[in-house]
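The values are calculated or read from the model by the stated rules, or taken from the named source; none is laboratory data. Only a predicted model underlies this, so the values are computations on that prediction, with no experimental measurement involved. We place every Cβ from the backbone using ideal geometry, glycine too, and count neighbours over all the protein chains shown.
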Amino acid sequence: MAIDILCKRLIGSAHMAVAYRPRVQGLCRLIVPRLREGDRVLDVGCGVGALAGACMMALPGVRFEGLERAPRGGEAIPVTRLEGDRFPFEDGAFDVVLLADVVHHEARPLELLRECRRVARREVLLKDHWHRSRLQYLRICALDWAANYAAGVRCLYRYGSPESWQALVAGAGFEWRSLESPLRLYHQPFEWIFGGRLHFMAVLGSRRVEGGAEISK
Ligand SMILES: C[S@@+](CC[C@H](N)C(=O)[O-])C[C@H]1O[C@@H](n2cnc3c(N)ncnc32)[C@H](O)[C@@H]1O
């Protein structure tokens, strides 16, 4: 028991210093330009709320709220607990929805993406992992395990390929507005092993069907 607590503290602190803090800064640089003064943003799977907190420091005129399956308590943003699949919000309640490394933790990713689409008025910002080889897959597994071991977040070790993400995103009714990969989120040599092509950031817009023809929202 004591060894388990010690391991969690050591791995959690090492991950925080080497990976988590640089990642928050790197993601903040990608997210902030997509936001506008007065936006209401839902951070789905906000965790400790550090990413939303960093974005709000850069853009004080943007309001962030969190939605979490396992709220930690003490976050810098208001957080609602998610029970079941349906989000407790009206259609189009938020300007932007953020999903940062959440979809690969969800056993029902299609339902999760559909709910994000329903509550997002403008767009959904999706950060996640993908792999094109067994070696890339194993590197993501190691990173995911280290990132979530201390917090006790369940890892499914399912990340998908670029092709399977295309199918998932289209199935949820989205179109890709922009896509960035590789991402530079860490410092070397960590970046060389665990960064780059293992990560992507996409801006997703909703596809609507009107009079039999699909148009972008
Ligand atoms: C790897 S953490 C990411 C935390 C945060 N987004 C960040 O970037 O620091 C994934 C989080 O998503 C949460 N989660 C997983 N599935 C979820 C869902 N369907 N709805 C809301 N939260 C979810 C987990 O409880 C966990 O806290």
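Cβ-Cβ contacts under 8 Å between residues 6 or more apart (or on different chains), taken from a first residue in the range 192-217 that is under 25 Å from L35 (Cα atoms) to a second residue that is modelled with pLDDT of 60 or more and loosely packed, with under 10 Cβ neighbours inside 10 Å, are listed as I215/V209. Which one of these is in contact with a Leu (Cβ under 6 Å, 6 or more places away or on another chain) and charged (D, E, K, R): E90, E106? When all the criteria are applied, what remains is E106.
For the range 107-136, which positions are under 23 Å from G196 (Cα atoms) and either touching a residue at least 24 places away in the same chain (Cβ under 8 Å) or crowded, with 19+ Cβ neighbours inside 10 Å (or both)? Give the steps one after another, and end with the answer.
Going residue by residue through the range 107-136, those that are under 23 Å from G196 (Cα atoms) are 124-136.
V124, L125, L126, K127, D128, H129, W130, H131, R132, Q136, listed by residue number.
The lone criterion from (1) away from the ligand (no atom under 11 Å from the Cβ); (2) aromatic (F, W, Y); (3) more than 30 Å from I193 (Cα to Cα); (4) in contact with a Ser or Thr (Cβ under 9 Å, 6 or more places away or on another chain) left unmet by F87 is number (1).
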